[in-house]
1. Kindly indicate which of A:Leu341, A:Leu372, A:Leu358, A:Leu377 is in contact (Cβ under 8 Å) with a residue 24 or more places away in the chain, within 17 Å of the chain's Cα centre (by Cα) and surrounded by fewer than 24 Cβ atoms within 10 Å (Cβ to Cβ).
2. A:Asp301: more than 25 Å from A:Arg226 (Cα to Cα) and modelled with pLDDT of 95 or more, yes or no?
3. Does A:Ala311 fit the bill of being crowded, with 24+ Cβ neighbours inside 10 Å, more than 20 Å from A:Gln188 (Cβ to Cβ), modelled with pLDDT of 95 or more and touching a strand residue (DSSP E or B) at 6+ places or on another chain (Cβ under 6 Å)?
4. Look through A:Tyr233, A:Tyr265 and report the one residue that is hydroxyl-bearing (Ser, Thr, Tyr), without any contact (Cβ under 8 Å) to a residue 24 or more places away in the chain and closer than 30 Å to A:Ala327 by Cα.
5. Determine if the range A:117-125 includes at least one residue that is crowded, with 24+ Cβ neighbours inside 10 Å and touching a residue at least 12 places away in the same chain (Cβ under 8 Å).
6. Looking at A:Glu251, A:Glu263, A:Glu213 in this structure, which one is over 30 Å from A:Leu163 (Cα atoms), over 25 Å from the mean Cα position of the chain (by Cα) and modelled with pLDDT of 95 or more?
7. Among the residues in the range B:156-173, are any touching a residue at least 60 places away in the same chain (Cβ under 8 Å), surrounded by fewer than 19 Cβ atoms within 10 Å (Cβ to Cβ) and under 14 Å from B:Ala13 (Cβ atoms)?
8. Just name the residue that is modelled with the lowest pLDDT out of those in the range A:216-246 that are of a type in the set (Ser, Thr, Tyr) and out of contact with any Lys or Arg (no Cβ under 8 Å at 6 or more places or on another chain).
Amino acid sequence: MSATKTSDIGVVVPQRARFTQPLVLRCGTTLADYELVYETYGTLNAAKSNAILVCHALSGSHHVAGHYADGLKNIGWWNNAVGPGRPLDTDRFFIVGVNNLGGCHGSTGPATINPATGKPWGADFPLVAVIDWVHAQARLADYLGIDAWAAVVGGSLGGMQALRWTITYPERIRHALVIAAAPRLTAQNIAFNDVARQAILTDPDFHGGHYYERGTVPRRGLRLARMLGHITYLSDDAMAAKFGRELREGELRFHFDIEFEIESYLRYQGDKFADSFDANTYLLMTKALDYFDPARECDGDLSATMARAHAEFLVISFTTDWRFSPARSREIVKALLDNHLDVSYAEITSAHGHDSFLMEDAHYHAILRSYLEKIAL
Amino acid sequence: MNVPLPSRADFAAIAGWVRPGTRILDLGCGDGTLLNYLVAHRKASGYGVEINPGDVLTCIQRGINVIQGDIERGLSDFTDGSFDYVILSQTLQAVKNSEYVVKEMLRVGRQGIVTFPNFGYWYNRLQVMFGRMPVSHNLPYNWYDTPNIHLCTIADFEKFCANHNVRILERIVIRNGSTVSLLPNLFGSLAVYRFERG
């Protein structure tokens, strides 16, 4: 084991890259040019063999670790796992975080000006798929001079990107860390996403997605979408332990304002999210989740699909994750076993449901750290 | 890689049987000691299956492929005949459905290898004769904390194989690290078998 002393990466600075080679998207539309915002931590070695791509999930961004000089509280979404001496050790690896196409943190997306109209894309921004993100990430790798990633790492929707990398660019990824993911969504999962989308689409302030020009924000819809999502990211037990039936004022008040503590928590989470995230991006991200199904290319046979992969895998799931349950991770593992690929699978005991992949858990982090330490550079 | 010969007597026997370059599934692989050795010295490939999270972590630290899972729930993630050897070392006596586990071993592997403490070892018999459950080097537990629920003797296992269409290919019986050839069911404390479908 290496040193256990860890620290924050400190101040980080986002960067921007412009790509002028057109990108044909899965939906058939071509993006003539686009920009990606990204951050890097650590140093790329001379052999360029120590690069790790960290893919973000639904609400994440390129800001994976550290904080901004002008925003001490704006800490990266996976700061507990990325930094000097942390599981994704910036003393050893060169780590890249990128905001995906269609995002709302600076990369080309619905709020960007559409060159064809001179107005924001809004709802006209093409529906992007996981494979489109992976193609864009590959161009970013070219731009950074990285032939092959030492590893691509992601949780949830991020794990789907790592999986897609192994199929689409098998020669450009040596290890895939697929965490709290699934090879495709279930009908129940798509159903949750559709309710979230309906909340946004039916908000009178949505204006068919062209709310930027109207000066409105479909806050209510986005807030509801996040509240629903948040319920599904937690476990029943975690909610019971944290909130139970606690009453804010200690007794029933017989009104529709906040009475139970869980209501207070969910409304707060919804409000916070609605203030910081873009509704069009939320719609796009949930669609990308719904569309993800690489086995479609082989008539639903995931094992046949994974025959293209050469990477070594670490697959991780969490016992209380019911949105992307351990059984879904085991589907991925089985497809890898069928192809005699190198794979390890860990099922982490955790109370935090789907959100566990973001939590600082000693055993989970030890698994990540140990796997990454074995990667030859 | 400098991987020492496994210290457990049954590991040495298994390592002697495994042909180079073969595919192995090690059920209940623990900290990966045996698999690590077979990968390093027999150029074997494959996976360990282990339920204990601490052991899973140790396997990952060693760079061994390990699948966290419960072998009692079957080996449904593994396709028929996908391994040369399926190994179950000192675990057969601790599983609830030994019959099912052996059947699954021979479904996913061409050959099975099991090791188990021989309940017929004279020292165990002696303790039972004096009215006590045996505690010994290979059976280190008390009756109230033992994970061993399906203990058997060498004679029992061989009858089981005969009744379940399992052909024994090779047997090594050990006591204190040495091979026992005289009255093995009496003088051997640990049995190691290699077998296939009959």
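1. A:Leu358
2. So A:Asp301 passes the test.
3. When the stated conditions are applied, A:Ala311 passes them.
4. Testing whether each residue is hydroxyl-bearing (Ser, Thr, Tyr), without any contact (Cβ under 8 Å) to a residue 24 or more places away in the chain and closer than 30 Å to A:Ala327 by Cα leaves just A:Tyr265.
5. no
6. A:Glu263
7. Within the range B:156-173 (the criterion being touching a residue at least 60 places away in the same chain (Cβ under 8 Å), surrounded by fewer than 19 Cβ atoms within 10 Å (Cβ to Cβ) and under 14 Å from B:Ala13 (Cβ atoms)), the answer is yes, since at least one residue qualifies.
8. So the residue we want is A:Ser235.
The values are calculated or read from the model by the stated rules, or taken from the named source; none is laboratory data. Owing to the predicted nature of the structure, the values given are computational and were not obtained by experimental measurement. With ideal geometry, Cβ positions are generated from the backbone for all residues, glycine too; neighbour counts draw on all protein chains shown.
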